[in-house]
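Notes for the one structure printed next.
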Amino acid sequence: MLHKNTVFHGLLKHLPWPAFERLVEQHRADAGVRRLTTKSQLIALLYGQLSGASSLREIEASLGSHAARLYHLGARPAHRSTLADANARRPPAVFAELFALMVSQANRHLRRALGETVYLIDSTGLRLDRRSADWARFSEAACGAKVHVIYDPDEDRPIHAVVTAANVNDITPAKTMPIEPGATYVFDLGYYDYDWWAKLDSAQCRIVTRFKSNTPLRVVEELPVPVQEPRGTAILSDRIGHLPARQSNNRANPFQDPVREVRVQLPTGKVLRILSNDLDASAQEIADLYKRRWAIELFFRWVKQTLKIRRLLGTSQNAVKIHIAVALIAFLLLRMAQAAQRAIASPLAFARLVRANLMHRRRLNRLLDSEPPPVLNPSQLALQWNLS
């Protein structure tokens, strides 16, 4: 009989397993482990993400029912308590570095010219219960975490992610994020920091963000405003000037280069003051770049609706970091698998079909095909039953 691998097996083929094994050895993640290896833990958590399992108990039951097919994946069924212990104690760096490695490998295939790369930076919040109060207390009545992401809208994937408690300011992890010289970074008011802007500017990066309402601009040049289109964003003014020379506490502002202020009016009537250090691009191009921030909001919505990120499978900081890293790895696997086929163009439709067929023996490029009829043996008698 011709053997066919499962849909889950086809997705896991996109993982760099030799590199993952090196990470496990480097971090001694399997040191002293007798039951659940790090590989089995990763496969169990990926199954939970891709199948939509809402608890460790559901993952245990589902994997137990597919124990025979796990053999071909090099994994074993995971008991709920053992998986919970692994999530609480195993180093999350193994999974975070695996995600970073997969992103870096994908970057090698990109052929974009310097200056064409656009990255969006933002964060999204996750609700936690009181069991996470030791590390994620936000107030007396609430606990939460944040996922801070650098997102590539052209490739539709995150390239960097950090998990913090919800009370950490967005700019704090942003200062530790990698900077790609010459790239464009688009972000909102949560990243309002002149020191960090100066660092980006010195790396020849283009900045697109918003002015705070109380930030003055010392104007040195008024630029002509383009003729307005009948619909869409209206450019009200285009000016070049300097930010305040001093920050709070009378500290010198390290970002002394001239900046651009493009005032735009949205169809709702709201006026935005967009800031950029690009003095040469058109005002419409700068406005359009800021408008692309919506793509990262759609990414967060897609992940929360499609993967299991709203309801976490652990309460400790260690477990939450592993959960988020595995969710982002699952996102990359879905994107890579979808790119390898042409039958299904919609990412959401592809993810839904993967979930419905996860442990079925089907090819990823045949998810829309109907099941073939059973092969009949001509040497056997086929009985026709008439129950009427």
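The values are calculated or read from the model by the stated rules, or taken from the named source; none is laboratory data. Just so you know, these numbers come straight off a predicted model, no measurement behind them. Here the Cβ positions follow ideal geometry from the backbone for every residue, glycine too, while neighbour counts run over all protein chains shown. Heavy atoms of the whole protein, side chains included, go into the accessibility calculation; ligands, DNA and RNA do not. Shrake-Rupley method; radii C 1.70, N 1.55, O 1.52, S 1.80 Å.
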- Item | Set E97, E116: member being at pLDDT 90 or above, out of contact with any strand residue (DSSP E or B) (no Cβ under 6 Å at 6 or more places or on another chain), under 19 Å from E180 (Cβ atoms) and not aliphatic (A, V, I, L, M) | E97
- Note on the structure: The condition of being loosely packed, with under 15 Cβ neighbours inside 10 Å, at negative phi and in contact (Cβ under 8 Å) with a residue 12 or more places away in the chain holds, among V219, V208, V227, V259, only for V219
- Query: Within the range 269-328, restricting attention to residues that are farther than 30 Å from F211 by Cα, touching a strand residue (DSSP E or B) at 6+ places or on another chain (Cβ under 8 Å) and basic (K, R), which residue is modelled with the highest pLDDT?
  - Reply: K321
- Query: How many of the residues making up the range 61-77 are free of Cβ contacts under 8 Å to residues at least 12 places away in the same chain and either closer than 27 Å to Q305 by Cβ or open to solvent by less than 10 Å² (accessible area, probe 1.4 Å) (or both)?
  - Reply: 2
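Rundown of residues vs (1) crowded, with 16+ Cβ neighbours inside 10 Å; (2) assigned to a loop (DSSP other than H, G, I, E, B); (3) of a type in the set (A, V, I, L, M, F, W, C); (4) touching a Phe, Trp or Tyr at 6+ places or on another chain (Cβ under 6 Å), yes/no style:
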| site | (1), (2), (3), (4) |
| --- | --- |
| L275 | yes, no, yes, yes |
| L279 | no, yes, yes, no |
| I286 | yes, no, yes, no |
| L289 | yes, no, yes, no |
| I296 | yes, no, yes, yes |
| F299 | yes, no, yes, yes |
| Q305 | no, no, no, no |
| K308 | yes, yes, no, no |
| K321 | yes, no, no, no |
- Within the range 284-298, track down each residue that is more than 19 Å from the chain's Cα centre (by Cα) and small (G, A, S). A287
- Item | the range 341-350, residues that are of a type outside the set (D, E, K, R) and free of Cβ contacts under 8 Å to residues at least 60 places away in the same chain | Q341, A343, I344, A345, S346, L348, A349, F350
- Residue selected from the range 37-60 under the condition open to solvent by 10 Å² or more (accessible area, probe 1.4 Å), touching a residue at least 40 places away in the same chain (Cβ under 8 Å) and in a loop (DSSP other than H, G, I, E, B), by the criterion nearest to K304 (Cα to Cα): G52
